[in-house]
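The values are calculated or read from the model by the stated rules, or taken from the named source; none is laboratory data. Everything numeric here is computed off the predicted structure, so don't read it as measured data. Ideal geometry is used to build each Cβ from the backbone, glycine not excepted, and the neighbour counts take in all protein chains shown.
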Amino acid sequence: MRITAEAKTATRQRILEVAEELFRTRGFEATTTRDIAQAAEIATGTLFNYFAAKEAIVTELAADSLERARGEFDKLSSEAETLEEALFSLVAVELRQLRPFRKYIVPMLESAFCPLAAARRNEPGDELRRQHLETVAGLARRHGLGELSAVALQLYWTLYTGALAFWAADKSPKQEDTLALLDESLAMFVAWLRTAADERK
Amino acid sequence: MPASLSELIAALPAEETEGELPARALPEIVERLALRPVPVGRFRRIAVLGTLQAKIFAAYFFHWLRGWFKTADENKRLLAETHWRTALRVLDSMSYLRGAVMKLGQTLANFPDIAPREFVETLERLHFDAPPMHWSLLREMVRAELGDDPENVFAEFDKRAFAAASLGQVHRARLKTGEEVAVKIQYPGIARTIREDFRNLMPFLLPARLSKDWENVKDQFDDLRMRIERETDYELEAANIEKARSLFRDDEGIVVPRVYRQFSTARVLTMDRLDGVHIDDFLGRDPSQAERNEAAKKILRAWYRMMFTGRMLYVDFHPGNFLFLDDGRLGVIDFGLMLHLEGDEWEIFRQMDRALTTGRRDDRIAAMKEWCHIADDETDRIALMDEFADWCWRSRYCGGEFDFGDETDFRRGVDLFIEMVRRRYSRARPITPTTSRQQFGWRSIFYRLKAKFDVRPICEEEVKAAGWDRSDYATTI
């Protein structure tokens, strides 16, 4: 039986919806691919036609949120007076959108967003990383720091994923400690960029 | 009563031995400091506290204490340049610190003419200067607390802070219903920072462990930490403000702002905005003696009203907490650090009132012994503390016009205080570090106002208004 593109899209969407519900109610670790397949009313083997692993489902879920975050940030980015503030604003709107996934974002950080995964291509998180870093590079240009080097981008990505990991485990009220950490990390990063730029001159 | 924090500071390591700063560099440093924005962030704060901040604070204070006992010339020679250098360095590092250590700094700022003028001025800038949370961070804090962006929650919201608080910053705003308000927003993670600041201070207390009073000192330290941590909960502060506000009538010329609970949380506090000036600007207008006296009387009445009727002690007597309004009213703000007098604490305050009212030495000594756990055979301690208590309370029990601007008298109080610190008389009730903040606080504000008036009638009126029966001893005056 031929499966239409429409049916495929519907199945994919159903998998994402039930997986989100299961992750939220049972937790990421306790949810198996079998559980997801059952809830989506498909065979477990069929699930793998759509997603290679649970982590890929989380990444896909996060991608939608990050897309929304970018739209929100585009409206805010002109307000920022400094690069530090612009970067803070970017990550802050992402965290806001990612909030439903906070409890199970760590597996995504360990796989798709892992700083060491930069060399791997065509991984699910690759596009997300590329888009985010392009935004960061654009902000750096806009604030007069020119093109960011590969080292700078790698350093930034490490800080970024570190802040996300901290946020995922942050027990402070409304995760306020993450805001402080993020603010400080980005200030440190931008200070380093400026120092490096001055030395180049 | 001794302030255990001073004791703790005096116990810090000896002064640092870095070379002198060339005098010609000072203007450049001042300019650099004035222009530099103040960063936010607890990690930097901790780093600063762990290194430069604590060292310099200790060195300076120690320098100052030792210099007090030298001759004027020698003192001048030893300290002149160090004052500037240290004041600048403290400003440099303290700008990063909005937690517990800044509160120590604020205490120092209450020593006009005693701590070097430059030092006090730099610290006072910390009270009032526009502070550091950038707009994006601020917006996240407001969103997290009030559920939406500031520009949606309020009809207008000024992105620039107009005042700094030790735990946050204050913005002008207007509610959609039209009220002009001040919105105090706490720095993220400040509660944790304070806990860590205190933990970082602990190693400096190690010398005090050798003291037989160590356990008592530790109790005081813990009490102070608990109270400052409590100050990070703006909901508690909102309750304090509401209680204080209920104590004053409109026609009394004392204003406590109204809290808007629907726009307030544990981290955001929205209140009526009081448009007034701080003490420096008030004095800059060259007010008459009568105006100065009136300002001091209002401060005193506000303090007594809260204490006698409200049974809450306003201890945060730094100048930034009093606003002089154009119409002559006094605005009182910042109720984060209040001491609620209940049970034993109220009883000991009653006992002190007896000493304050009668002026009898026996009553004074009984109160001091009770407060500081002094044994009968500690005669030197009793004598010194009695002298200090006499200095503290004289204006009250003597009655008649008291000249709070008398420099000699003010210095005598500081001399006595430092002598207590020098002798390490630290044993006292755990709440002492909190109450000692007011000890010089109100006197130094009155000193700066050069106020001259009789405090006793105000006290008696306030006691009467509280319905407090103390006929057993008050009739003896």
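Quick check on the stretch B:256-266. Is at least one of its residues under 16 Å from residue B:445 (Cα atoms) and of a type in the set (D, E, K, R)? I'd like the intermediate steps shown before the answer.
Just the residues of the stretch B:256-266 that are under 16 Å from residue B:445 (Cα atoms), to begin with: none.
So far as the stretch B:256-266 goes, no, none of its residues is under 16 Å from residue B:445 (Cα atoms) and of a type in the set (D, E, K, R).
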| Residue within the stretch A:86-100 that is surrounded by fewer than 17 Cβ atoms within 10 Å (Cβ to Cβ) and away from chain B (no Cβ under 14 Å) present | yes
| Looking at the stretch A:56-85, which of its residues are facing chain B (nearest Cβ under 10 Å) and either of a type in the set (D, E, K, R) or closer than 21 Å to residue A:23 by Cα (or both)? | A:79, A:81, A:84, A:85
| task | Kindly establish whether residue A:182 is more than 9 Å from every other protein chain (Cβ to nearest Cβ), in contact (Cβ under 8 Å) with a residue 12 or more places away in the chain and under 25 Å from residue A:126 (Cβ atoms). | result | no
| note | Heads up, the helices (runs of 4 or more DSSP H) in the stretch A:1-50 (entirely inside) with at least 3 residues that are hydrophobic (A, V, I, L, M, F, W, C) are A:5-26, A:33-40
| said: Please determine whether any residue of the stretch A:103-116 is at pLDDT 90 or above and surrounded by 15 or more Cβ atoms within 10 Å (Cβ to Cβ). | reply: no
| query | Got at least one residue in the stretch B:145-164 being more than 25 Å from residue B:278 (Cα to Cα), surrounded by fewer than 21 Cβ atoms within 10 Å (Cβ to Cβ) and away from chain A (no Cβ under 14 Å)? | reply | yes
| said: Taking the criterion of being over 20 Å from the mean Cα position of the chain (by Cα), crowded, with 18+ Cβ neighbours inside 10 Å and within 14 Å of chain A (Cβ to nearest Cβ), would at least one residue in the stretch B:242-249 satisfy it? | reply: no
| Pairs under 9 Å by beta carbon, first residue within 14 Å of chain A (Cβ to nearest Cβ) and among the small types (Gly, Ala, Ser) in the stretch B:175-193, partner surrounded by 19 or more Cβ atoms within 10 Å (Cβ to Cβ) and part of a helix (DSSP H, G or I), six or more apart or different chains? | B:189/A:176; B:189/A:177; B:189/A:178; B:189/A:179; B:189/A:180; B:189/A:181; B:189/B:42; B:191/A:176
| note | Per the filter on the stretch A:70-117, residues under 10 Å from the mean Cα position of the chain (by Cα) and among the hydrophobic types (A, V, I, L, M, F, W, C) are A:91, A:95, A:98, A:105, A:108, A:109, A:112, A:113
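Looking for something closer than 21 Å to residue B:220 by Cα and in a helix (DSSP H, G or I) - is there at least one such residue anywhere in the stretch B:441-456?
Quick first cut of the stretch B:441-456, residues closer than 21 Å to residue B:220 by Cα only: B:441.
Of the ones still in play, those that are also in a helix (DSSP H, G or I) are B:441.
Yes: the stretch B:441-456 contains one or more residues that are closer than 21 Å to residue B:220 by Cα and in a helix (DSSP H, G or I).
Looking at residue B:259, is it within 21 Å of the chain's Cα centre (by Cα) and β-branched (Val, Ile, Thr)?
no
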